[in-house]
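A.B. asks: Handing you this structure, nothing more for now.
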Amino acid sequence: MKADVAAIGPGVWRVTIDGKATTVWTAVDDAGMWVHADGRVHYLANEADVRRSRTRSGSHDLSAPMPATVRAVLVEVGAQVHAGDTVVTLEAMKMELALRAPSDGTITAVHCQVGELVQAGVPLVEIA
Amino acid sequence: MFHRILIANRGEIAVRIIRACRELGIETVAVYSDADARAMHVRLADRAERIGPAAAQESYLSASAIIDAARRSGAQAVHPGYGFLAENAGFAAACGDASLVFVGPPPDAIARLGSKTAARRLVAERAVPVVPGEVPADQSDEAIAASVAHVGLPALIKPSAGGGGIGMRTVLGSESAIDQVRAARRDALAAFGDGTLYVEHLVERPRHVEIQIIGDRHGRLVHLGERECSLQRRHQKVIEESPSVAVNEALRADMGEAAVTAAQAAGYQNAGTVEFLLEQTAHGPRFYFLEMNTRLQVEHPVTEAVYGVDLVHAQLRVAAGEPLDWHSGRTPRGHAIEARIYAEDPAQGFLPQAGPLRLYREPRGPGIRVDSGFEEGDAIAVHYDPLIAKLIVQAEDRERAILRLRAALASFPILGVRTNVPYLLAVVEDDSFARGEIDTTWLDRQTAALVESLAAEQPSPAARAAASHALERAQRVPHATRTADPWTTLGAWRLGS
């Protein structure tokens, strides 16, 4: 199977496979690639994201369960935390949500700031 | 006609009203919370007034903030859109007190129709059919069973003190009535400490069919046919259409007359919608008054499409005191369907989503209308309803309208947040939908299977091929050059201020 791909506009592609042409739209964000083809939408994590998740094995990262606004960041890099400590509070859909440390450890990275709109699944704080 | 009005809303409906005003030569004043300072409705309006912080309670739901903004900006009237303060009689009255025309019904009509039970009593007095039901004065088991027979099978026995479906019993055949009465009584006593029972006719698998009405200040009140809104997920309408496959000319005339009677009973003016349940019985179709929505509906464009009218123009004309020259009994032309596009993730129980619209391209073509409050590069905020856009298609008949809707959804890419577009497509592709065999329970019965089949789908070879090209290009182009054009990133600014 041979796919012939031509860029026909910003984020718009004409893909021809076995003589059948399809218009496909793509958009990149910080963690991957959105693709829309014939009404179906998929999100593909990109190579960089795959590499990053490999180096993180053995540690934990905390991410938002849904898109939310960061209300407070209660830790900084190097801080010691105990399991159950609140590290970040989020607000989404008029609800406040606390992200708590899953285990004792040291904060190794903070990827968010107060007021920021964050997406579901994107790591906000890393603990080792 | 007004020379300047304030639009007390946001998103697609604010944009839609601004466009109507522009056509009529009316200046528009947008209002915005801090979260919406750069929103599309603010960009499009002639003026904009800040009304408070992001929380709706302190901005779009703050009657005083909105009335202050209207006074500051010199607006003569306020259009509330739908939602927020649109059905708030106190707000409508406060507009009047501030010498602002409220583009909607009189406050007392809103109040009269605000309580569902009071509204049902009001219309029942004018012989508008409501779901038959009664609280028997004689509360003995035998008397309740007799009431079941009187109301008609199938029937529901409900605790009078209840709510939320607790303690409800269904009677399908008369032989089980007395047992069900006793069971309902036990449940009612246990749950509410009150064994009083209410008997209501059970409308099985009803359709939700509503009638658009509009009245002027000179006593004319007309209807503009029906919209079928049976496709609901947890009582939220998802797809609406006009006309309904279940309504013929005679039924349309009957329901239309009932809707006009109901509106007249409430002293109604301006645009409104009378909702009915419609059931098919051995004796033909039967309809029952459900409630009246005292505002412009989300799904008003399907009526506009098949009746060739502009309801927002009409609302403004009526509010300015102009007479309406429409009449009831017009025949709808062709078929129109609306699909509501939400930022929500079907795979996560339709959890609302927020985030940037990294790519947003509306479909184009004959018979396609998109009402949206967003453009590419805008963000969906966490604070409000996650409606992104309404896609409305119109064609000669229902079959062609479905084809058009399918094609339009397939070429409506929205990337950066999860949306219900793939789910809508799966609904539209369903055979039962194509045959029009739908009722208000259909979508809730189908959703789990539809979501499951969507989740199992892998990206197509074409999607993968495009993604790999796009990834390659993204890695070649430095991040800093991938910004939007300066005209949209500059934000709000004005000459000479």
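The values are calculated or read from the model by the stated rules, or taken from the named source; none is laboratory data. None of the values given here were measured: they were computed from a predicted structure. Cβ sites come from the backbone with ideal geometry, for glycine too, and all protein chains shown count toward neighbours.
A.B. asks: Just the residues that are surrounded by 15 or more Cβ atoms within 10 Å (Cβ to Cβ) and not hydrophobic (A, V, I, L, M, F, W, C), please, taken from region B:90-104.
C.D. replies: Selection gives B:Gly104 alone.
A.B. asks: Report, by residue number, each residue of region B:259-279 that is part of a helix (DSSP H, G or I) and either surrounded by fewer than 23 Cβ atoms within 10 Å (Cβ to Cβ) or outside the structural domain of B:Asn293 (by TED's automatic domain parsing) (or both).
C.D. replies: Listed by number, the residues that qualify are B:Val260, B:Thr261, B:Gln264, B:Ala265.
Each row is one residue, and each column tells you yes or no for (1) surrounded by fewer than 20 Cβ atoms within 10 Å (Cβ to Cβ); (2) touching a residue at least 12 places away in the same chain (Cβ under 8 Å).
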| position | (1), (2) |
| --- | --- |
| B:Asp179 | yes, no |
| B:Arg185 | no, yes |
| B:Ala188 | no, yes |
| B:Ala191 | yes, yes |
| B:Asp194 | yes, yes |
| B:Tyr198 | no, yes |
| B:Arg205 | yes, yes |
| B:Ile214 | no, yes |
| B:His218 | yes, yes |
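A.B. asks: Do you know which residues across region B:329-363 are away from chain A (no Cβ under 13 Å) and either surrounded by fewer than 19 Cβ atoms within 10 Å (Cβ to Cβ) or of a type in the set (D, E, K, R) (or both)?
C.D. replies: Hits for region B:329-363 are B:Gly329, B:Arg330, B:Thr331, B:Arg333, B:Gly334, B:Glu338, B:Arg340.
A.B. asks: All but one of (1) in contact with a helix residue (DSSP H, G or I) (Cβ under 9 Å, 6 or more places away or on another chain); (2) of a type in the set (Asp, Glu); (3) away from chain A (no Cβ under 14 Å) hold for B:Glu299; which doesn't?
C.D. replies: Going through the list (1) in contact with a helix residue (DSSP H, G or I) (Cβ under 9 Å, 6 or more places away or on another chain); (2) of a type in the set (Asp, Glu); (3) away from chain A (no Cβ under 14 Å), B:Glu299 breaks only (1).
This table checks each residue for (1) part of a strand (DSSP E or B); (2) aliphatic (A, V, I, L, M).
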residue: B:Thr303; (1), (2): no, no
residue: B:Gly321; (1), (2): no, no
residue: B:Ile337; (1), (2): yes, yes
residue: B:Ala347; (1), (2): no, yes
residue: B:Arg404; (1), (2): no, no
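A.B. asks: Does B:Thr331 qualify as being over 24 Å from B:Lys237 (Cβ atoms), in a helix (DSSP H, G or I), hydroxyl-bearing (Ser, Thr, Tyr) and touching a residue at least 12 places away in the same chain (Cβ under 8 Å)?
C.D. replies: no
A.B. asks: Looking at B:Arg19, B:Arg10, can you tell me which residue is closer than 26 Å to B:Ile341 by Cα, of a type outside the set (S, T, N, Q) and surrounded by fewer than 18 Cβ atoms within 10 Å (Cβ to Cβ)? Show your work before the answer.
C.D. replies: On the way: B:Arg10 fails: surrounded by fewer than 18 Cβ atoms within 10 Å (Cβ to Cβ).
Result of the check over B:Arg19, B:Arg10: B:Arg19.
A.B. asks: Related question: Looking at region B:1-99, what helices (runs of 4 or more DSSP H) fall wholly within it and have at least 2 residues that are among the charged types (D, E, K, R) and under 24 Å from B:Pro386 (Cα atoms)?
C.D. replies: B:11-24
A.B. asks: A further question on this structure: Across region B:291-341, what is the number of residues that are of a type in the set (Ser, Thr, Tyr) and over 20 Å from the mean Cα position of the chain (by Cα)?
C.D. replies: First pass over region B:291-341, keeping only residues of a type in the set (Ser, Thr, Tyr): B:294, B:303, B:307, B:328, B:331.
Going one step further and asking which of them are over 20 Å from the mean Cα position of the chain (by Cα), we end up with B:328, B:331.
Qualifying residue count for the region: 2.
A.B. asks: Of all residues in region B:178-194, which are under 13 Å from B:Lys158 (Cα atoms) and not acidic (Asp, Glu)?
C.D. replies: Matches in region B:178-194: B:Gln180, B:Val181, B:Arg182, B:Ala183, B:Ala184, B:Arg185, B:Arg186, B:Ala188, B:Leu189, B:Ala191, B:Phe192.
A.B. asks: OK, next. List the number of the failed condition for B:Val370; all other conditions in (1) away from chain A (no Cβ under 14 Å); (2) part of a strand (DSSP E or B); (3) touching a residue at least 60 places away in the same chain (Cβ under 8 Å) hold.
C.D. replies: (3)
A.B. asks: Filtering region B:105-146 down to residues that are within 27 Å of the chain's Cα centre (by Cα) and polar (S, T, N, Q), which residue is surrounded by the fewest Cβ atoms within 10 Å (Cβ to Cβ)?
C.D. replies: Top of the filtered list is B:Thr117.
A.B. asks: Which condition number does B:Ala149 fail, the rest of (1) touching a residue at least 40 places away in the same chain (Cβ under 8 Å); (2) in contact with a Ser or Thr (Cβ under 8 Å, 6 or more places away or on another chain); (3) not in a strand (DSSP E or B) being met?
C.D. replies: Going through the list (1) touching a residue at least 40 places away in the same chain (Cβ under 8 Å); (2) in contact with a Ser or Thr (Cβ under 8 Å, 6 or more places away or on another chain); (3) not in a strand (DSSP E or B), B:Ala149 breaks only (1).
A.B. asks: Among the numbered conditions (1) part of a loop (DSSP other than H, G, I, E, B); (2) of a type in the set (D, E, K, R); (3) surrounded by 13 or more Cβ atoms within 10 Å (Cβ to Cβ), tell me where A:Glu91 comes up short.
C.D. replies: (1)
A.B. asks: Taking the condition part of a helix (DSSP H, G or I) and either at pLDDT below 95 or over 23 Å from B:Glu279 (Cα atoms) (or both), does B:Ala408 pass?
C.D. replies: yes
A.B. asks: Scan region A:97-128 for residues that are of a type in the set (Val, Ile, Thr), outside any strand (DSSP E or B) and surrounded by 16 or more Cβ atoms within 10 Å (Cβ to Cβ) and jot them down.
C.D. replies: The answer is A:Val122, and nothing else.
A.B. asks: Kindly indicate whether A:Gly19 is farther than 15 Å from B:Arg418 by Cβ, more than 9 Å from every other protein chain (Cβ to nearest Cβ) and at pLDDT 90 or above.
C.D. replies: Numbers: farther than 15 Å from B:Arg418 by Cβ: yes; more than 9 Å from every other protein chain (Cβ to nearest Cβ): yes; at pLDDT 90 or above: yes.
It is true that A:Gly19 is farther than 15 Å from B:Arg418 by Cβ, more than 9 Å from every other protein chain (Cβ to nearest Cβ) and at pLDDT 90 or above.
A.B. asks: While we're on this one: Please list, ordered by first then second residue, the pairs with beta carbon atoms under 9 Å, 6 or more apart or interchain, first in region B:390-409 and within 14 Å of another protein chain (Cβ to nearest Cβ), second loosely packed, with under 15 Cβ neighbours inside 10 Å and basic (Lys, Arg).
C.D. replies: B:Ala408/B:Arg364
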